[in-house]
Amino acid sequence: MRKKMEKNMRKALAGCLAGLMIAGCLAGCGSKEPAAENAEQPAAAAQEAGGETTADTATDAAADTTANTQEEITFTWMINKVEIKNELEEVAQAYMDSHENITIITEVAGGSVEPYGTRLKAKLGSNDMPALFVTEGPSDYEMFDEYLVDLSDSKLAGMADESLLTIATMNGEVKALPMAIEGFGIIYNKTIFEKAGINPDDITSMEALREAAQLLDSKKDELGLEAVFCLPGKETWIIGSHMGSAFLNGEFEQPADAWNAPTLEWQNQAAYKDFIDLQVEYGIVPQGDTKNVVNLAYSDQIEKGLALGRVAMVHNGNWVSSIIKGISPEMIENDEIGFLPTPIPGYREDCVRVIGTPYISLNAKLDESVQKAAMDFLEWLYTSDEGKDLVVNKLNMIPPYEGFDGFEIKDPLGADLLEYIAAGKSLPSLQNNCPSGFKNFMGEKVQEYLTGKDWDTCVSEMIDKWQELAAAK
């Protein structure tokens with residue numbers, strides 16, 4: 001199935017992604033066909049080097065020639081991908097190795113220590129502002145509007161599908177550029193499922209998921225499991241932003257409807273509770289007290305849990321592949337992990353959620369020379385052969401731009417995500433379309449529930465908070 005889909009990736013995904021407002025963004029990605037030859041004349045620098053000449057090598061050669069004559073520039077790119085901090089630093093170093101006048105500082109923020117948005121707001125209000133930084137939807141575009149360069153005429157905007165740019169457009173300006181296609185669902189260990197005699201294709205409902213959890217729990221000792229799940233209650237972005245937003249699907253027809261909604265009814269909140277309860281009942285419980293689940297962190301779930309085979313399932317996204325690869329590379333190499341859908345009874349029980357993409361913005365408050373240097377770096381990352389290889393094989397990202405013919409997605413979670421999208425079994429995540437502050441508030445209320453607060457009270461407070469935040473826009 002996967003091999004066949006790769007051969008027809010461009011055709012299959014173009015239609016399927018249109019419904020998610022991300023149509024065509026994977027053009028060429030995953031195809032094993034060679035890229036078309038470039039008919040332009042070789043650049044002199046490339047001829048002297050004796051290497052193959054393409055538009056990319058000509059551009060790279062020109063950039064390298066001018067690099068030594070330009071002023072020395074230092075800038076920061078600030079990203080919310082804590083799980084690939086080392087890889088992001090390696091990408092920056094690769095660019096600096098061939099651009100000696102450029103120094104790139106990689107700053108990664110997010111997680112339970114300090115929310116990314118809090119850190120970004122502080123940095124933009126300081127004398128140490130990042131040149132490139134991740135922005136998370138309409139609320140950020142409004143809050144940080146004065147810091148955002150209009151990227152409508154940028155080279156990368158011309159390489160992205162129009163639907164991707166529509167998501168990041170406000171008041172007729174493209175406020176940010178896509179970095180990758182991402183999605184999340186229930187990540188499971190295929191080897192453990194096979195040993196337990198569970199067919200993952202049968203898990204297309206909450207009831208089936210519970211039955212699988214019960215079976216795995218009964219075989220924990222022989223499977224070498226500490227528990228079936230690990231719910232990282234310390235991480236509001238996982239239990240709220242990602243997990244909670246999945247159960248907002250069905251409430252709104254389109255992501256934009258959520259942003260414009262003055263109130264929230266939340267018909268699926270009971271299913272949200274059931275999903276949390278299931279992960280606690282069959283999950284890791286420190287010191288035998290369920291209240292201690294709020295002390296479990298991202299690292300407990302992935303590095304100390306899934307990557308070591310201590311748990312069979314976690315709710316997270318394809319970005320964790322880089323972490324797992326560093327701990328148990330055989331899991332990635334042997335295709336030992338995959339996605340199960342996050343089931344919502346009465347709505348769609350067979351879908352993963354597609355975030356669409358993290359977006360990156362350019363700081364309008366910095367000198368034009370710094371802005372240009374930052375954009376040159378970003379364009380190198382997605383247009384040069386070296387950069388594209390780093391995107392796919394170092395950052396393990398599904399690229400959102402054209403021009404990636406010949407680059408196969410080797411990450412099993414990324415490949416699974418593409419299969420769900422191509423099969424029409426994906427839904428847009430609403431996390432960045434909630435009123436500003438709501439997604440983290442969801443996580444805080446879930447933490448209160450985990451430590452003993454009544455669920456109905458928590459839900460009532462979440463609904464009231466939605467109305468309050470929506471009215472304040």
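The values are calculated or read from the model by the stated rules, or taken from the named source; none is laboratory data. The structure presented is a predicted model; accordingly, all values stated were derived computationally and were not measured. Positions of Cβ are generated from backbone atoms using ideal geometry, with glycine treated the same way; all protein chains shown enter the neighbour counts.
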- Task: Go over the candidates Asp161, Asp150 one by one and state the one that is in the same structural domain as Met397 (by TED's automatic domain parsing), under 19 Å from Pro178 (Cβ atoms) and touching an Asp or Glu at 6+ places or on another chain (Cβ under 6 Å).
- Result: Asp150
- Message: Can you list the helices (runs of 4 or more DSSP H) lying wholly within segment 303-383 that have 3 or more residues being not assigned by TED's automatic domain parsing to the domain that holds Pro400?
- Response: 321-327, 329-333
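Condition check ((1) touching a residue at least 40 places away in the same chain (Cβ under 8 Å); (2) aliphatic (A, V, I, L, M); (3) within 19 Å of Thr357 (Cβ to Cβ)) across all residues:
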{"site": "Thr118", "(1), (2), (3)": "no, no, no"}
{"site": "Lys123", "(1), (2), (3)": "yes, no, no"}
{"site": "Phe133", "(1), (2), (3)": "yes, no, yes"}
{"site": "Pro138", "(1), (2), (3)": "yes, no, yes"}
{"site": "Met143", "(1), (2), (3)": "yes, yes, no"}
{"site": "Lys155", "(1), (2), (3)": "yes, no, yes"}
- Message: Go through (1) of a type outside the set (D, E, K, R); (2) touching a helix residue (DSSP H, G or I) at 6+ places or on another chain (Cβ under 7 Å); (3) closer than 30 Å to Glu333 by Cβ for Gly240 and report which single condition fails.
- Response: (3)
- Task: Go through segment 169-198 and count every residue that is at pLDDT below 95 and more than 16 Å from Val354 (Cα to Cα).
- Result: 4
- Message: Being assigned to a loop (DSSP other than H, G, I, E, B), surrounded by fewer than 17 Cβ atoms within 10 Å (Cβ to Cβ) and charged (D, E, K, R) is the filter here; which residues of segment 129-171 pass it?
- Response: Asp150, Asp153, Lys155
- Task: Give the residues of segment 283-314 that are of a type outside the set (A, V, I, L, M, F, W, C) and in contact with a Phe, Trp or Tyr (Cβ under 7 Å, 6 or more places away or on another chain), sorted by residue number.
- Result: Gly283
- Odd one out for Ala227 among (1) surrounded by 23 or more Cβ atoms within 10 Å (Cβ to Cβ); (2) outside any helix (DSSP H, G or I); (3) more than 21 Å from the chain's Cα centre (by Cα): (1)
- Tell me which residues, restricted to segment 450-471, are closer than 16 Å to Lys439 by Cβ and either touching a residue at least 40 places away in the same chain (Cβ under 8 Å) or of a type in the set (A, V, I, L, M, F, W, C) (or both). Cys458, Val459, Met462, Ile463, Trp466, Gln467, Leu469, Ala470
- Query: Across segment 301-330, which residue is farthest from Gln214 (Cα to Cα) among those that are surrounded by fewer than 22 Cβ atoms within 10 Å (Cβ to Cβ) and touching a Lys or Arg at 6+ places or on another chain (Cβ under 8 Å)?
  - Reply: Lys304
- Tell me which residues, restricted to segment 175-203, are among the β-branched types (Val, Ile, Thr) and surrounded by fewer than 24 Cβ atoms within 10 Å (Cβ to Cβ). Ile186, Thr191, Ile192, Ile198
